[in-house]
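Trainee: Questions regarding the structure given below will be posed in turn.
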Amino acid sequence: MSPVHYDAIVIGSGAGGSATAYKLALAGLRVVLLEKGAELPKDGSTLDVAEVVHQGKFLSKEPWLDGSGRRITPEEHFNVGGKTKWYGAALLRFAEAEFLPDAEHGCLGWPITAKDLSPSYEEAERLLGVRSFLSESDLRGILAGLCKVDSGWYAQAMPMGLAAEIAADPVEAAHFDGFASAKDFKGEADRSLLRAVRSRENFQLIVNAEAKQLIGAPESPTTVTGVRLANGREFYAPRIFLAAGALHSPRLLSNYLANCGLAATLPIAAHVGRYLKLHLLTAMVAFSPGKKRDLIRKTTLLTHPHHPHSSVQPLGFDGELIATLLPKVLPQGLRTMLGTRAYGFFLQTEDGSDARNRVMHDVDGTKPPVLDYDDARIPVASREHRSFTRAFQRGLARTGMVSFTRRIGLSGTAHVCGSLVCGHSSADSVVDSQGRVHGMQGLYVVDGSVLPRSSRVNPSLTIYAWGLRIGDLVVREFQRTTTLSTREPSHVA
């Protein structure tokens with residue numbers, strides 16, 4: 001099959017990839033978006049607890065190793081829209097201070113400011129239909145009791161990418177947190193971005209298209225010109241955008257640098273895969289005598305000044321889902337009863353930056369990739385997370401709620417980021433402030449791997465904003481060098 005040529009190739013259809021593809025396609029560039037997975041079904045199976053939770057039907061089965069050589073299976077999703085289909089409903093901005101370095105906490109700084117990203121944040125919020133929902137009665141009671149016993153707790157409305165109509169659909173409202181909407185009630189990458197450009201002649205989405213290798217110019221290996229799929233098919237463009245996610249984009253780049261001889265000469269090679277971040281995460285389930293009848297639940301963000309790198313948000317789980325978090329040694333009937341009287345919470349702490357936390361890739365492909373991450377490498381973050389968890393648990397206890405906790409392990413990669421961090425130079429980063437890989441031509445990174453900091457909130461809105469920003473910058477450069485009105489009609493093979 002003959003190679004196909006485009007103006008831009010985007011690898012991955014998650015938040016960053018879809019945002020970038022959207023910008024480029026709207027501006028008239030010939031864009032192909034390569035997605036490793038397929039379209040999700042609309043038959044309701046993505047809302048089914050048995051299929052989604054118990055069977056893990058929609059999760060990747062790709063084997064990995066941890067830093068000690070033990071086999072793990074990260075909870076990754078390969079489908080159109082990526083993880084945004086499943087998570088991503090909580091759409092919060094990073095605070096201004098979270099763009100700055102924090103040496104005490106081991107946090108790297110961004111090469112841009114919050115002000116630089118503000119227009120893209122605003123655009124992302126508009127495109128994704130971000131809104132807030134009033135806290136429901138059970139949660140209002142919990143918050144009132146918590147703030148009464150400790151006035152330091154600060155509650156604010158959670159910006160959510162959910163359609164207002166979801167409140168009238170009990171099934172969808174109780175199954176958006178970790179589930180994919182069958183009725184398009186969630187503002188996510190496919191619904192909010194890709195569908196706006198899917199019908200354009202200059203845009204093509206190819207599913208089941210696993211990017212296996214980057215292709216460089218024969219005379220200049222620092223210039224990337226194409227992508228080869230696992231099935232051997234090749235695509236070429238002067239602009240390649242890595243958006244496969246923080247576990248997968250560094251593997252593509254690492255493989256390329258090794259195969260073309262740049263691993264020993266290009267400064268960025270020393271940083272590829274490093275500074276991986278996962279957040280320190282704990283699920284907490286709190287019980288009280290009365291039944292809980294709230295539907296959406298995930299409507300509020302809680303913070304405390306004594307724990308500046310941490311936040312709490314309710315889990316959007318009803319009693320049936322909370323029962324799945326309870327110890328399996330309990331009889332099913334007891335778990336079900338307890339679930340109806342419980343509220344779930346998700347506690348997260350920024351994990352700082354350590355170069356030893358990294359993704360490693362075996363170039364010859366004979367061994368599984370390695371996710372080498374240990375939160376003990378950043379003890380200040382671990383201490384804050386433990387202290388924060390105890391403080392929230394004590395506060396709930398003083399309101400009459402008994403709780404238990406469960407740490408989210410290494411396989412829980414919903415917030416993974418930081419393996420190709422952006423920065424001012426190749427001395428300590430891989431990507432520059434305009435999304436370009438330091439020292440290379442034609443290669444950009446637009447997924448969560450660029451994030452130097454994970455912040456204390458979910459990273460998805462920031463990844464969308466980064467993708468929109470880089471898309472804008474590339475379009476401006478393209479328009480400076482090309483008169484779109486004189487181009488021949490687009491042809492997409």
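Trainee: Using helices alone, I'd like the mean residue ellipticity at 222 nm for the chain: each DSSP H run of four-plus residues gives -39500 (n - 2.57), total over residue count, nearest 500.
Mentor: After summing the helix terms and dividing by residue count, I get -7000 deg cm²/dmol.
Trainee: I would also like to ask the following. So which of Lys183/Lys277; Lys61/Lys292; Lys186/Lys298; Lys115/Lys298 end up more than 25 Å apart by C-alpha?
Mentor: Checking Cα-Cα distances, Lys183/Lys277; Lys61/Lys292; Lys115/Lys298 exceed 25 Å.
Trainee: Also: Suppose R0 equals 45 Å; then what is the FRET efficiency for Asp184 and Thr265 from their Cβ-Cβ distance, rounded to the nearest 0.05?
Mentor: 0.40
Trainee: Also, quick follow-up: When you have a sec, figure out the Kirkwood radius of segment 1-153 from all distinct Cα pair distances and drop it here in Å to one decimal?
Mentor: 20.0
Trainee: Mind listing the Cα extents of segment 316-461 along all three principal axes, in Å, largest one first?
Mentor: If we take the Cα atoms of segment 316-461, the spans are 59, 37, 28 Å.
Trainee: List the extent of the Cα atoms of segment 258-370 along each of their three principal axes, largest first, rounded to whole Å.
Mentor: Principal extents (Cα only, largest first): 64, 39, 22 Å.
Trainee: While we're looking at this one, here's another question. Non-local amide H neighbours of Leu40 (under 5 Å, H modeled in plane, Pro and chain starts lacking H): which ones?
Mentor: HN-HN under 5 Å from Leu40: Val80.
Trainee: On alpha-carbon atoms, Rg over Rh for segment 4-486 using Kirkwood Rh?
Mentor: That ratio is 0.96, to two decimals.
Trainee: Please list, in chain and number order, the residues 5+ apart from Ile215 or on another chain whose amide H is under 5 Å from its amide H, with Hs placed from the backbone.
Mentor: Residues meeting the criterion, in which the H sits 1.01 Å from N, are Thr225, Gly226, Val227, Arg228.
Trainee: Let me ask something additional. Report, by chain and number, residues whose modeled amide H sits under 5 Å from the one on Arg239, excluding near sequence neighbours (fewer than 5 apart, same chain).
Mentor: Correct list: Ile9.
Trainee: Considering all projection directions equally, how large on average is the shadow of the alpha-carbon convex hull of segment 101-164, in square nanometres?
Mentor: About 7.0 nm², averaged over all directions.
Trainee: Counting pairs of alpha carbon atoms under 8 Å apart in space and at least six apart in sequence, what relative contact order in percent does segment 223-271 give?
Mentor: So the answer I get is 21 percent.
Trainee: Given segment 4-486, what percent of its DSSP beta bridges are antiparallel, to the nearest 5?
Mentor: 70
Trainee: Let me ask something else. Compute, for the chain, the length of the dipole vector about the Cα centre, with Cβ point charges of +1 (Lys, Arg) and -1 (Asp, Glu) only. Units Debye, rounded to 20.
Mentor: Roughly 800 debye for the chain.
Trainee: Relative contact order of the chain, please, whole-number percent, based on alpha carbon pairs below 8 angstrom and at least 6 residues apart.
Mentor: That works out to 25 percent.
Since every read-out is calculated from the coordinates, none of them should be taken as a lab result. Computed from a prediction, not measured in an experiment: that's the story for all the values here. No Cβ is skipped: glycine too gets one built from the backbone with ideal geometry, and neighbour counts run over all protein chains shown.
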